[in-house]
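Before any comments, here is the structure.
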Amino acid sequence: MTTWRKQTKDAVYTVDEINARLADELPNWHYEDGWIRRKFKTSGWKSTLMVVNTVGHLAEAAWHHPDLTVSYAFVTVKLMNHAAKGVTDKDFELAARIEDVVMWRPGADSALEGTPDDPRFKYLKYE
């Protein structure tokens, strides 16, 4: 894992820097049309709303707000620093937090069981 230099406040990354950092830190995210993006696939509307609410909470707590595309069985998250007019450290930090929280599952050594391996209870399509 590469250690990325902290940029000055709201400094915008170049496209090459963005793609390198995504490959290194957030492999399920990609860069397109000025945004870093991630599509979370769900099992249906209730699950989609759970993802939307999770992203909403994290974004509000961070005071950095993504654009969302919401459909029956997926949520697409798009991040770009509107004030800086590009992708900054804020976007990478929020993307990492969203990735960690939405995709979190208890480990084998956890007292928590995790979602049963049963289609009736699956709500997120883990990669």
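The values are calculated or read from the model by the stated rules, or taken from the named source; none is laboratory data. Worth saying up front: this structure is predicted, and the values here are computed from it rather than measured. No Cβ is skipped: glycine too gets one built from the backbone with ideal geometry, and neighbour counts run over all protein chains shown.
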Conditions first: (1) without any contact (Cβ under 8 Å) to a residue 12 or more places away in the chain; (2) among the small types (Gly, Ala, Ser); (3) crowded, with 16+ Cβ neighbours inside 10 Å. Residue 95 passes all but one, so which condition is the exception?
(1)
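Before we move on, is residue 77 closer than 24 Å to residue 19 by Cα, without any contact (Cβ under 8 Å) to a residue 60 or more places away in the chain and touching a strand residue (DSSP E or B) at 6+ places or on another chain (Cβ under 6 Å)?
yes
Given the criterion under 26 Å from residue 10 (Cβ atoms), among the acidic types (Asp, Glu) and in contact with a Phe, Trp or Tyr (Cβ under 9 Å, 6 or more places away or on another chain), identify the matching residue among 91, 100.
Details: 100 fails: in contact with a Phe, Trp or Tyr (Cβ under 9 Å, 6 or more places away or on another chain).
Criteria check complete, one pass: 91.
Could you tell me whether residue 127 is of a type in the set (D, E, K, R), in a helix (DSSP H, G or I) and either more than 14 Å from the chain's Cα centre (by Cα) or surrounded by fewer than 19 Cβ atoms within 10 Å (Cβ to Cβ) (or both)? Give the steps one after another, and end with the answer.
On the way: of a type in the set (D, E, K, R): yes; in a helix (DSSP H, G or I): no; either more than 14 Å from the chain's Cα centre (by Cα) or surrounded by fewer than 19 Cβ atoms within 10 Å (Cβ to Cβ) (or both): yes.
Answer is no for this residue.
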What tally of residues in region 73-127 results from selecting those that are farther than 26 Å from residue 63 by Cβ and of a type in the set (Phe, Trp, Tyr)?
3
Does any residue of region 84-99 turn out to be among the polar types (S, T, N, Q), part of a loop (DSSP other than H, G, I, E, B) and touching a Lys or Arg at 6+ places or on another chain (Cβ under 8 Å)?
no
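Can you list the strands (runs of 3 or more DSSP E) lying wholly within region 23-76 that have 3 or more residues being of a type in the set (D, E, K, R)? Break it down into steps so the answer makes sense when it comes.
Details: elements: 30-32, 35-41, 67-71.
It comes to 35-41.
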Report yes if some residue within region 10-21 is touching a Lys or Arg at 6+ places or on another chain (Cβ under 8 Å), farther than 30 Å from residue 118 by Cα, of a type in the set (Val, Ile, Thr) and at pLDDT 95 or above; otherwise report no.
yes
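The rows are residues; the columns are (1) charged (D, E, K, R); (2) touching a Gly at 6+ places or on another chain (Cβ under 8 Å); (3) without any contact (Cβ under 8 Å) to a residue 60 or more places away in the chain.
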site: 21; (1), (2), (3): yes, no, no
site: 58; (1), (2), (3): no, no, yes
site: 83; (1), (2), (3): no, no, no
site: 91; (1), (2), (3): yes, no, yes
site: 101; (1), (2), (3): no, no, yes
Please name all residue pairs, on different chains or six or more residues apart, with Cβ atoms under 8 Å, provided the first residue is in region 106-127 and is touching a residue at least 12 places away in the same chain (Cβ under 8 Å) and the second residue is surrounded by fewer than 11 Cβ atoms within 10 Å (Cβ to Cβ).
123/46; 126/105
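Condition first: β-branched (Val, Ile, Thr) and in contact with a strand residue (DSSP E or B) (Cβ under 9 Å, 6 or more places away or on another chain). Now tell me which residues in region 99-118 satisfy that.
Taking region 99-118 first, the residues β-branched (Val, Ile, Thr) are 101-102, 115.
Matches in region 99-118: 102, 115.
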